[in-house]
Amino acid sequence: MEPLLILVLALSVVVGLALGLLGGGGSILMVPLLTYVAGMDAKQAITTSLFVVGVTSLASLLPHARARNVRWAAGLVFAASSMSGALLGGLASAAIPGGVLMAAFAIIMLASARNMIRGRKKDNDAAAKGRSLLLYIPVGLAVGMVTGLVGAGGGFLIVPALVLLAGVQMKHGVGTSLLVISLNSASGMLGHLNSTSVNWPLALSITAAAIIGSLVGARLTARVPEQKLRRGFGYFVLAMGIFVLSQELPNPAGLVLASAAAVAVIAWVLCTKVPAVAAICPWRKAPAGPAPTAG
């Protein structure tokens, strides 16, 4: 077996691990892996990523379903709308240059990194009462369009949307996200296959490696502190997004924009997490003082 193929398969296990643990992150890593390590062109990498991530998500869905971490009604309604968007996005991608798709992918990576580092507000199943499933349709359609266009934005857009709209706990958002990602990826891939071919022997080998990682990740869900893992992964995705942006945009503009994006995200993190820095951030509101006493 060639050393490059061994490296690709080893990194694919890491992609699967992220999917099993976080309910997302597969395509965020898989597209750069296929592009810069496996040497695929952008459109072939996106199409292959949709297949690998879709099948891997389906495999890691099973242990989550056994643990009752899947909210089927919310997931299927969300998936129905997002699959339509994914198919449309996949068809539309044929008319968009590969470099533009990769630059858009990098921007999504930066946004995902910000969300992962920031974390999400806690919620619970009781908060879902009174929320109509119809609310999922426009959000699902938008998420699906992004997934179909650039092969990314699945879990790290779906999980927060489910937590916000359905009011589910984080572990249920992760499990339900895997259901949506598997259906979304299949729909998006069908759109891409209209204009792109896939190296099926390589895709199947990568998928097998990713499934191994996903099953391990699903088992570790209850044991690994999700918040610390998500933040660490977020910083890694941030670095990858900056790298992809610098590679896809012409220099020196690409390097300047990538550096500016890095500075902006780091400044935001410092202003959010470090009280001493937050005090001097111009966009942060000063805490309200104590209410005046009557007298």
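The values are calculated or read from the model by the stated rules, or taken from the named source; none is laboratory data. Bear in mind the structure is a predicted one, so any value in this text is a computation, not a measurement. Positions of Cβ are generated from backbone atoms using ideal geometry, with glycine treated the same way; all protein chains shown enter the neighbour counts.
If I filter region 268-277 for residues that are over 20 Å from the mean Cα position of the chain (by Cα), surrounded by fewer than 13 Cβ atoms within 10 Å (Cβ to Cβ), in a helix (DSSP H, G or I) and modelled with pLDDT of 70 or more, do I get at least one hit?
Yes.
Determine if region 85-105 includes at least one residue that is part of a helix (DSSP H, G or I), closer than 23 Å to GLN227 by Cβ and touching a residue at least 40 places away in the same chain (Cβ under 8 Å).
Looking for residues that are part of a helix (DSSP H, G or I), closer than 23 Å to GLN227 by Cβ and touching a residue at least 40 places away in the same chain (Cβ under 8 Å), one finds none in region 85-105, hence no.
Would you check if there is a residue in region 1-13 being buried (at least 24 other Cβ atoms within 10 Å of the Cβ), at pLDDT below 90 and hydroxyl-bearing (Ser, Thr, Tyr)?
no
Could you check, for region 168-177, whether at least one of its residues is of a type in the set (A, V, I, L, M), under 26 Å from VAL100 (Cα atoms) and within 19 Å of the chain's Cα centre (by Cα)?
no
Taking the condition at pLDDT 75 or above and either more than 23 Å from VAL37 (Cβ to Cβ) or aromatic (Phe, Trp, Tyr) (or both), does ALA253 pass?
For ALA253, the condition - at pLDDT 75 or above and either more than 23 Å from VAL37 (Cβ to Cβ) or aromatic (Phe, Trp, Tyr) (or both) - is not met.
Could you please let me know if PHE156 is assigned to a helix (DSSP H, G or I), modelled with pLDDT under 85 and surrounded by 21 or more Cβ atoms within 10 Å (Cβ to Cβ)?
Judged against the criteria, PHE156 is a match.
Within region 192-207, track down each residue that is in contact (Cβ under 8 Å) with a residue 40 or more places away in the chain and within 13 Å of VAL8 (Cβ to Cβ).
ASN199, LEU202, ALA203, SER205, ILE206, THR207
Is it the case that some residue within region 186-205 is in a helix (DSSP H, G or I), touching a Phe, Trp or Tyr at 6+ places or on another chain (Cβ under 7 Å) and modelled with pLDDT of 80 or more?
yes
Take region 63-76 and flag every residue that is touching a residue at least 24 places away in the same chain (Cβ under 8 Å), assigned to a helix (DSSP H, G or I) and surrounded by fewer than 20 Cβ atoms within 10 Å (Cβ to Cβ).
PRO63, ALA65, TRP72, ALA73, LEU76
What about ALA59, is it within 25 Å of LEU134 (Cβ to Cβ), surrounded by fewer than 24 Cβ atoms within 10 Å (Cβ to Cβ) and modelled with pLDDT of 80 or more?
No; evaluated as a whole, the condition is false for this residue.
Against the conditions (1) surrounded by fewer than 20 Cβ atoms within 10 Å (Cβ to Cβ); (2) assigned to a helix (DSSP H, G or I); (3) modelled with pLDDT of 80 or more; (4) touching a helix residue (DSSP H, G or I) at 6+ places or on another chain (Cβ under 8 Å), where does LEU135 fall short? Just the number, please.
(3)
Looking at (1) surrounded by 15 or more Cβ atoms within 10 Å (Cβ to Cβ); (2) more than 25 Å from LEU110 (Cβ to Cβ), which is the one condition that is false for SER185?
Going through (1) surrounded by 15 or more Cβ atoms within 10 Å (Cβ to Cβ); (2) more than 25 Å from LEU110 (Cβ to Cβ) one by one, SER185 breaks only (2).
Evaluate the following for LEU22: is it among the hydrophobic types (A, V, I, L, M, F, W, C) and touching an Asp or Glu at 6+ places or on another chain (Cβ under 8 Å)?
So LEU22 fits the description; yes.
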